[in-house]
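Values quoted throughout were computed directly from the atomic coordinates according to the rules given, and no laboratory measurement underlies them. These numbers come from a predicted model, not from an experiment. Glycine also receives a Cβ, built like all others from the backbone with ideal geometry; neighbour counts cover every protein chain displayed.
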Amino acid sequence: EDSAPTLSSLISILERDGLPNYFGAQRFGIDGQNIQRAVRWLIEGGRAPKAPFQRKMLASALQSALFNQLLGERLQRGDLHRALHGDLMRKEETGGLFVAEDAEQETQRVERWETSPTGPMFGPKMREAEHEAGTREQEILKHWGLSHDSMGAWRKIAPGTRRPLRVRPGHLRWKQIADQLELSFDLPAGSYATTLVREITKHTPEPPITP
């Protein structure tokens, strides 16, 4: 009941800076079981699931885990709200993608919420980052024992795309009643309400998912 000042400050920060666009824990199954199954199949060469839906689900879970890992590393380095040389940037207004050649100049646009850096949803058709940003993405692939050649078989189930590393909640409102908190907000399609709630409450953090 005495958390209102802290809560108000946290929400102001989210409105100003946005939040890391993590995939929520529900993406990975109970105790991360979808990742374990995906690794056995797509990395270790085990038997593929029979159902097409399950093949897509597991490949998507693995893509999401790699994205979350890269996002977490950028957050720890303080790179979420700035551009790196070679980042694939997304125009907030139109969704168009382009390579950041001048990281310092592009960071100014990031601060004005004109653009945001994107992260990899790895796959054979994904557009790759370049220079420093591209090197970091390749390190993630190597860490998981993957390469672009090994992802060639993903073409139909997980072709790959880019995902913004941060999102900005809209119409964020809150109301505190005794020891309960009521939130209302808008998020872009594909972002997780549970991620925003976790940024506020810091409750039940998601377990790290590693190969």
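In this calculation the C-beta distance from residue 142 to residue 102 is compared with R0 = 30 Å, giving a FRET efficiency of 0.60.
For the residues 71, 84, 141, a GNM of the chain with alpha-carbon springs under 10 Å puts the largest fluctuation on 141. Provide the net charge surrounding residue 46, with neighbours chosen by a C-beta distance below 10 Å and charges set as Lys +1, Arg +1, Asp -1, Glu -1. For residues surrounding residue 46, the net value is +2.
Taking 0.36 nm per residue of separation and subtracting the Cα-Cα distance, full extension of the segment from residue 186 to residue 156 would add 7.6 nm. Electrostatic tally near residue 57: other residues with Cβ closer than 11 Å to its Cβ, Lys and Arg +1, Asp and Glu -1, net +4. Each residue, residue 174 and residue 125, gets one label point 7 Å from its Cα in the Cβ direction; the gap between the two is 4.1 nm. Think of each Lys and Arg Cβ as +1 and each Asp and Glu Cβ as -1; about the Cα centre, that makes the dipole of the stretch 68-211 roughly 480 debye.
Per residue, the chain reaches -11500 deg cm²/dmol at 222 nm when only DSSP H runs of four or more residues are counted, each adding -39500 (n - 2.57). One decimal place: the segment residue 92-residue 8 gains 27.6 nm when fully extended, by the rule 0.36 nm per residue minus the C-alpha distance. Here the 3J(HN,Hα) profile of the stretch 139-154, calculated from phi with Karplus coefficients 6.51, -1.76 and 1.60 at θ = phi - 60°, is 5, 5, 4, 4, 4, 8, x, 10, 8, 5, 5, 5, 8, x, 6, 7 Hz, Gly and Pro shown as x. Cross-linked pairs 56/142; 56/175; 56/91; 50/202: Cα-Cα separations exceed 30 Å for 56/175; 50/202. In order along the stretch 24-33, phi translates into HN-Hα couplings of x, 4, 4, 5, 9, x, 4, 6, x, 5 Hz, rounded to whole numbers, per the Karplus curve 6.51 cos²θ - 1.76 cosθ + 1.60 with θ = phi - 60° and x for Gly and Pro. Pull out a ≥ b ≥ c, the square roots of the eigenvalues of the alpha-carbon gyration tensor of the chain, then state rounded if a/c is under 1.5, prolate if not and a/b is larger than b/c, and oblate in the remaining case. Taking the square roots of the gyration eigenvalues as a ≥ b ≥ c, the chain is oblate.
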